[in-house]
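What follows is a single structure, written as structure tokens, with notes after it.
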Amino acid sequence: MSQDKTTNQSWGGRFSEPVDAFVARFTASVDFDKRLYKHDIQGSIAHASMLCKVGVLTDSERDAIIDGLREIQAEIEAGQFDWRVDLEDVHMNIEARLTARIGITGKKLHTGRSRNDQVATDIRLWLREEIDIILGEIERLQSGLLDQAERHAAVIMPGFTHLQTAQPVTFGHHLLAWFEMLQRDRERLIDCRKRVNRMPLGSAALAGTTYPIERSITCELLGFEAISGNSLDGVSDRDFAIEFCAAAALAMMHLSRFSEELVLWTSAQFNFIELPDRFCTGSSIMPQKKNPDVPELVRGKSGRVYGHLMGLLTLMKSQPLAYNKDNQEDKEPLFDAVDTLRDSLRAFADMIPAIKPRVEVMREAARRGFSTATDLADYLVRKGIPFRDCHEIVGHAVKYGVDSGKDLAEMSLEELRGFSEQIEADVFEVLTLEGSVNARNHIGGTAPAQVLTAVQRNRALLPGNNAD
């Protein structure tokens, strides 16, 4: 181990020798937690304002601190701030710079708080803001899906189970399934935000503080909905980060499912849709290739977020109360989970509105797979035949179709009556693709009329449309 030593002036008084330089680098977090600078300054301004109101700081001290913090924020945003590893983290870097700018008054800012409740507050402020951005991207993607669903409410495609042609659906109906998944993601994040939006500031190191603080003042200044009710829990709780990662993992799972379908649909074997060139790449050796890189990458990125969820659960599983240094490891996985989900949603929100369905290809695929077989069975049920008998009758008809190369709708009435004398000329009304989808005319069904109704119903769920 290196023998270089370093001293942190914020806590070095109790120590008889400096910390080893390697240990200082190993335990420092400033390289990644400096992204919290804006929220650290926001929390410090609120804390200083509260300290002034309760008489711990004078008006002039408060003003000097707030002015100094705002100048430091400007330095950081201008790229002129010198981040120091020996000061460990974003909090001490800012505090040290504040003291350098305004003198001893800067050292008074930390009165009545600890880095433990400070960092817990910063992360919550940051995550609350990021959730709002992510919700905006989800809503933008949902809006794009609704626009596409409305445009293509009557475009017929095969619906699949086991990736085998099952029944005809419409492209609009399929896109609305994606909308539903995203709506659950949106609801989970809105609910998660409520628990993120609780203020731990005032918990101090673990037991609260002897200073006459008024936590309600900082709570109001920082826009929190509630104050943490126990100081031990306030500094050590990371449930909110785990809960976010769980919601993010579910959202990424949904995006991965979307991605898988997009990758399949753009393949030559399906050829259902066309992705714009700007969301694809080519091959360095095969000039004909157009690779769906964006959905492939989003599909792959789901694994990162799953890993971050497992990492945070493992991080917290054996920690005694209250704060432990282990918790420094919460930020990088949380940061990356946020970045990954936000960017994946942004890519999809940009891409989905530009997708073009190949209408005739989709229709032909639906026609080829005996997708109206269930409609024939239902038709026979309405003629009074028990469903299990209908199932067998239609199975024989499908086998005949496979052998003869004919879809059910292509068979003559005479051929169909060979399987059941109950079949009449009106059977062709249900054997057509249009007849099949139009027959499912109920809430949640694939009938074009229901798709258009669902589009309007779902628009009302999004902000700015007489909801929320």
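A few notes on this one:
- Residue 121 being touching a Phe, Trp or Tyr at 6+ places or on another chain (Cβ under 7 Å), farther than 30 Å from residue 347 by Cβ, touching a residue at least 60 places away in the same chain (Cβ under 8 Å) and not acidic (Asp, Glu): no
- Number of the exception - residue 229 against (1) of a type in the set (Gly, Ala, Ser); (2) closer than 24 Å to residue 331 by Cβ; (3) open to solvent by 20 Å² or more (accessible area, probe 1.4 Å): (2)
- Pairs where the first residue, in the range 126-153, is over 28 Å from residue 168 (Cα atoms) and the second is at pLDDT below 95, C-beta under 8 Å, 6+ apart: 139/463
- First in the range 6-28 and closer than 22 Å to residue 97 by Cα, second anywhere and open to solvent by 50 Å² or more (accessible area, probe 1.4 Å) and modelled with pLDDT under 75, Cβ under 8 Å, 6 or more apart: 7/15; 18/5; 18/7; 19/5; 19/7; 21/4; 21/5
- Verdict on residue 375 being of a type in the set (Asp, Glu) and surrounded by fewer than 21 Cβ atoms within 10 Å (Cβ to Cβ): no
- Residue in the range 390-406 that is in a loop (DSSP other than H, G, I, E, B) and not β-branched (Val, Ile, Thr) present: yes
- Test: residue in the range 48-70 that is assigned to a helix (DSSP H, G or I), touching a residue at least 40 places away in the same chain (Cβ under 8 Å) and either under 29 Å from the mean Cα position of the chain (by Cα) or within 30 Å of residue 366 (Cα to Cα) (or both): no
- All of (1) touching a strand residue (DSSP E or B) at 6+ places or on another chain (Cβ under 8 Å); (2) open to solvent by less than 10 Å² (accessible area, probe 1.4 Å); (3) acidic (Asp, Glu) hold for residue 185 with one exception: (1).
- Among the residues of the range 378-408, those identified as over 25 Å from residue 364 (Cα atoms), surrounded by fewer than 18 Cβ atoms within 10 Å (Cβ to Cβ) and under 46 Å from the mean Cα position of the chain (by Cα) are 381, 382, 387, 388, 392.
- Failed condition for residue 112, given (1) without any contact (Cβ under 8 Å) to a residue 60 or more places away in the chain; (2) part of a loop (DSSP other than H, G, I, E, B); (3) touching a Pro at 6+ places or on another chain (Cβ under 9 Å): (1)
- Among the residues of the range 409-418, not a single one is in contact with an Asp or Glu (Cβ under 9 Å, 6 or more places away or on another chain), hydrophobic (A, V, I, L, M, F, W, C) and crowded, with 21+ Cβ neighbours inside 10 Å.
- Residue 419 under 46 Å from the mean Cα position of the chain (by Cα) and either more than 19 Å from residue 176 (Cβ to Cβ) or not basic (Lys, Arg) (or both): no
- Answer residue from the range 241-283, given it is touching a Pro at 6+ places or on another chain (Cβ under 6 Å) and among the polar types (S, T, N, Q) and is surrounded by the fewest Cβ atoms within 10 Å (Cβ to Cβ) among those: 266
- Scanning the range 121-162 for residues that are out of contact with any helix residue (DSSP H, G or I) (no Cβ under 8 Å at 6 or more places or on another chain) and either not assigned by the TED database to the domain that holds residue 331 or not in a helix (DSSP H, G or I) (or both) yields 160, 161, 162.
- The C-beta contact set for the range 244-272 (first residue farther than 13 Å from residue 185 by Cβ, second residue in a loop (DSSP other than H, G, I, E, B) and among the aliphatic types (A, V, I, L, M), distance under 6 angstrom, 6+ apart or interchain) comprises 266/275.
- Among (1) in contact with a strand residue (DSSP E or B) (Cβ under 8 Å, 6 or more places away or on another chain); (2) under 30 Å from residue 139 (Cα atoms) - the single one residue 369 does not satisfy: (2)
The values are calculated or read from the model by the stated rules, or taken from the named source; none is laboratory data. As the structure is a prediction and not an experimental result, all values here were calculated from the model. All Cβ positions, glycine included, derive from the backbone under ideal geometry; neighbour counts span all protein chains shown. Ligands, DNA and RNA are excluded from the accessible area calculation, which covers all protein heavy atoms including side chains. Shrake-Rupley method; radii C 1.70, N 1.55, O 1.52, S 1.80 Å.
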